[in-house]
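> The structure that follows is given in the form of C-alpha cells.
Just so it is clear, none of the values below were taken in a lab; they were calculated from the coordinates. Here the structure is a predicted model, which is why all the values come from computation and not from measurement. Every residue, glycine among them, receives a Cβ derived from its backbone with ideal geometry; neighbour counts consider all protein chains shown.
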Amino acid sequence: MLAKRIIPCLDIKDGTTVKGTNFINLRQAGDPVELARAYSEQGADELVFLDITASHEGRKTFTHVVEQVAQAINIPFTVGGGINEAADVDRLLAAGADKVSLNSAALRRPELIDQITRAYGSQVCVVAIDARQEEDGYWQCYVNGGRVPFGKGLFEWAREAQDRGAGEILFTSMNHDGVKAGFANEALRQLSDSLSIPVIASGGAGTMQHFRDTFALGHSSAALAASVFHFGEIGIPQLKQYLRQENINVRL
Amino acid sequence: MSIAIVKYNAGNIRSVTNALGRLGVEATLTDDPELLQRADKVLFPGQGEAGHAMAYLREHGLDSVIRSLRQPLLGICIGQQLLCRHSEEGDTDCLGIFSEDVVRFRPERQEDKVPHMGWNSLTHVKSPLMAGISEGEFVYFVHSFYVPVGENTIATTDYIQPFSAALHRDNFYATQFHPEKSGDAGHRILKNFLEL
C-alpha cells in the first residue's frame, strides 16, 4: 500500500539553513547538505528546500547547494522559492532537483505550468498555494510570500493547476501556519477529494496527532513541516512509529 | 568496470549518475552503438512519454542496439515500460523484450491518485537483482502507466491492483520504481545490478 509521506522543509538563505538550531547533534546545523543527510537517515520520505534569498548571488549559491544535496542524498527532493521562469526550472533540474515548486509565478502566469510539464512531465511540477480563509469563509490565494491577495480561490486555482498538468498541490493554510494547532483538515479534505493528484498538507504541525489527523481526516497524501522537526520537538522515527500504531501506512 | 547509460530524449539522468557516484562508479552517457555494446553494464533510465521516446530510439537505431545487447541491462521507470511489448501511452509498440503490455492506472476510489507517487512496498521478491531486499521493503515510485503481473515479474507492488515493480528475462532487468531515489534499499538494488 502507498505510504503517507513525511516531508521536512528547509529554508535556505545565502547557502545556509535558516532556523534549525536544535536539530540532533550536527556539527554545523546551518549546513543544508549535512541537515539533508541527517533527515534522510532519520527516515524523511522527501525534502523541500526553499530559497529565501532575493539576490542574484544568492540564487547561484542556492543552485550550488542543490547540486551538493543531489550528490549526498538518495531520496527525492523538491526545490522552490524564486522560480519565475522556465529557465529557473531548467537550472534547478539540471542541478539535480527531482521536482520544482511554483508559487506566485504560477498564479501570475499559469501557462508556466503547461510549459514545464510539457518539457519535463507532470511529476516534476509541484504547485504551492498559500491561501487564507477570509471572514466570509472564502479561501483566497495570496502571492509574494502571503503578503498580497490574488483574487483567485483556492479550490478553483488548484483545479486549474491540475488541469494544466501539475503533479502535486502543496497547500499552506495561512490561518494555520505557525500556530501549531493542527493542519487545515477541512479544506484539505475538500481539496484532496476534489482532485485526482496528491495533496501535501502544510502549516500547523505542532504534535504527532496533528499528522495523524491530516492523513485520517484531511485525506492528505503527505504532510510538510519545518520547525517541529528543526527544533527537535518531534523526531521522525518516533512520529512514524506513532503513525503506524494509529494504522496510518508509513515507510519504516 | 565500464558502465554506459543510454542517451535518448527521456529526461534527467543526473540522479542516476549521482547514485552511481555514491557507489564509486562513473558512467558514460552515450548513444554510440559500439560504446553501448562494449560496456560491461548498461543502464536505461528515463522519465517521459513512451511514444516520443520510442520514436527517438527508432530514428537513432537504438531500438535494435538495445535488443542486441548481451550484457546485463537495467531499465528504470519509463525504461522498464519501453522494454515491454506495447504501451497504452500513445498506443506505442515498444522494444518487445518482455512479453508484458503497459497499461494506464484506472482509479477506482477517490484516494486512488494518478500518478502513483511516493513510497510503496515490494512483495513476491525474487531474482539476484533483489538480493537482500526483504518482503515489504519500501521503494520510490512516480508513474501513471504500469506493467501487470506476468511471467517475467520479479517483484510486485499493490496500487489499485498488483503490478510488476520489477521484471527480469535473460540479461534484461527493469524496475518501475526509482532505485536511485529509494534510500538504502535502492542503493542495494543498484549495487546488486553492478555485481551481476
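> Can you pull the semi-axes for the range A:148-252, root of five times each eigenvalue of the Cα gyration tensor, sorted largest first, whole Å?
On the way: eigenvalues 122, 51, 24 Å².
Taking √(5λ) for each Cα gyration eigenvalue gives 25, 16, 11 Å.
> Using a Gaussian network for chain A with springs between C-alpha atoms less than 10 Å apart, which of these wobbles most: A:30, A:204, A:145?
Looking only at A:30, A:204, A:145, the biggest GNM fluctuation is shown by A:145.
> If I model a spin label as a point 7 Å beyond the Cα along the Cα-Cβ vector, how far apart are those points for residue B:171 and residue A:136 in nm?
Spacing of the two 7 Å Cα→Cβ label points: 6.9 nm.
> What number, in percent, do you get for the relative contact order of chain B if the mean sequence gap of Cα pairs under 8 Å and at least 6 apart is divided by its residue count?
On the way: 434 pairs, mean separation 37.2, N = 196.
Contact order relative to length: 19 percent.
> While we're here: Taking the Cα-to-Cβ direction at residue A:52 and at residue B:64 and moving 7 Å from each Cα, how far apart do the two end points lie in nm?
Label at residue A:52, label at residue B:64, 5.9 nm between them.
> Compute the signed sum of charges (Lys and Arg +1, Asp and Glu -1) over the other residues within less than 11 Å, Cβ to Cβ, of residue A:105.
Numbers: positive: A:108, A:109; negative: A:85, A:88, A:111.
For residues surrounding residue A:105, the net value is -1.
> Neighbouring Cβ atoms within 10 Å as the yardstick, rank A:39, A:138, B:56, B:173 fewest first. Provide the component values of the computation, followed by the final result.
On the way: A:39 25, A:138 11, B:56 16, B:173 28.
So the ranking, lowest neighbour count to highest, is A:138, B:56, A:39, B:173.
> Moving on to the next point. Decide, for chain B, between rounded, prolate and oblate: order the square roots of the alpha carbon gyration tensor eigenvalues as a ≥ b ≥ c, take rounded if a/c falls under 1.5, and otherwise choose prolate if a/b is larger than b/c, else oblate. It would help to have the intermediate numbers written out before the result.
Numbers: a/c = 1.63, a/b = 1.19, b/c = 1.38.
Because a/c hits 1.5 or more and a/b fails to exceed b/c, chain B counts as oblate.
> Net charge near residue B:77, counting Lys/Arg +1 and Asp/Glu -1 over other residues with Cβ under 13 Å of its Cβ? Each step should come with its number before you reach the end.
Values: positive: B:181; negative: A:98, B:49, B:89, B:180.
Once positives and negatives cancel, what remains is -3.
> Also, I was wondering about something else. Shape of the range A:5-245 from its Cα gyration tensor (a ≥ b ≥ c, root eigenvalues): rounded if a/c is under 1.5, otherwise prolate when a/b > b/c, or oblate? Provide the component values of the computation, followed by the final result.
Details: a/c = 1.56, a/b = 1.07, b/c = 1.46.
Oblate.
> Which of B:92, B:17, B:28, B:175 comes first, and how do the rest follow, when ranked by fewest Cβ neighbours within 10 Å? Mind showing how you got there, number by number?
Details: B:92 19, B:17 22, B:28 14, B:175 31.
Listed from fewest to most nearby Cβ atoms, that is B:28, B:92, B:17, B:175.
> Take chain A, connect every pair of alpha-carbon atoms lying under 10 Å apart with a spring to form a Gaussian network, then pick out the residue of A:16, A:172, A:214 with the largest mean-square fluctuation.
Evaluated over chain A, the most mobile residue of the options is A:16.
> Could you tell me which chymotrypsin sites (Phe, Trp or Tyr not before Pro) in the range A:172-252 are loop residues by DSSP with no more than 14 other beta carbons within 10 angstrom of their beta carbon? Before the final figure, lay out the partial values.
On the way: sites: A:183, A:211, A:215, A:229, A:231, A:242; in loops: A:183, A:231.
Passing sites in the range A:172-252 are A:231.
> With a/c under 1.5 counting as rounded, go ahead and sort the protein assembly as shown into rounded, prolate or oblate using the C-alpha gyration tensor (a ≥ b ≥ c being the square roots of the eigenvalues; past the cut-off, prolate if a/b is larger than b/c, else oblate).
Details: a/c = 1.59, a/b = 1.55, b/c = 1.02.
Prolate.
> Can you pull out the GluC sites (Glu not before Pro) in the range A:76-161 whose DSSP state is coil and whose Cβ has at most 14 other Cβ atoms within 10 Å?
For GluC sites (Glu not before Pro) across the range A:76-161 that sit outside H, G, I, E and B with at most 14 neighbouring Cβ atoms in 10 Å, the list reads A:85, A:134, A:135.
> Pick from B:135, B:26, B:34: which residue has the top mean-square fluctuation in a GNM of chain B where Cα pairs under 10 Å get a spring?
Judging by the Gaussian network model, the answer is B:34.
> Assuming R0 = 51 Å, can you tell me the calculated FRET efficiency for the pair residue A:1 and residue B:38, based on Cβ-Cβ distance, to the nearest 0.05? Intermediate values should be presented prior to the final figure.
Details: r = 43 Å, r/R0 = 0.84.
Efficiency, rounded to the nearest 0.05: 0.75.
> In percent, what relative contact order does chain A have, based on Cα pairs under 8 Å that are 6 or more apart in sequence? Could the numbers behind the result be given before it?
Numbers: 528 pairs, mean separation 47.5, N = 252.
With pairs under 8 Å counted, the relative contact order is 19 percent.
> Each label point is 7 Å from the Cα along the Cα-to-Cβ direction; what then is the distance between the points at residue A:41 and residue A:248, in nm?
2.5 nm
> At a 10 Å Cβ-Cβ cut-off, how would you order A:193, A:45, B:101, fewest neighbours first?
Numbers: A:193 11, A:45 25, B:101 15.
Placing the least packed residue first, the sequence is A:193, B:101, A:45.
> List the longest stretch of chain B that has no exposed loop site; here a site is one of the trypsin sites (Lys or Arg not before Pro) assigned by DSSP to anything other than H, G, I, E or B, with at most 11 other Cβ within 10 Å. Walk me through the intermediate numbers first.
Details: sites that count: B:70, B:109.
So the longest stretch without any such site is B:110-196.
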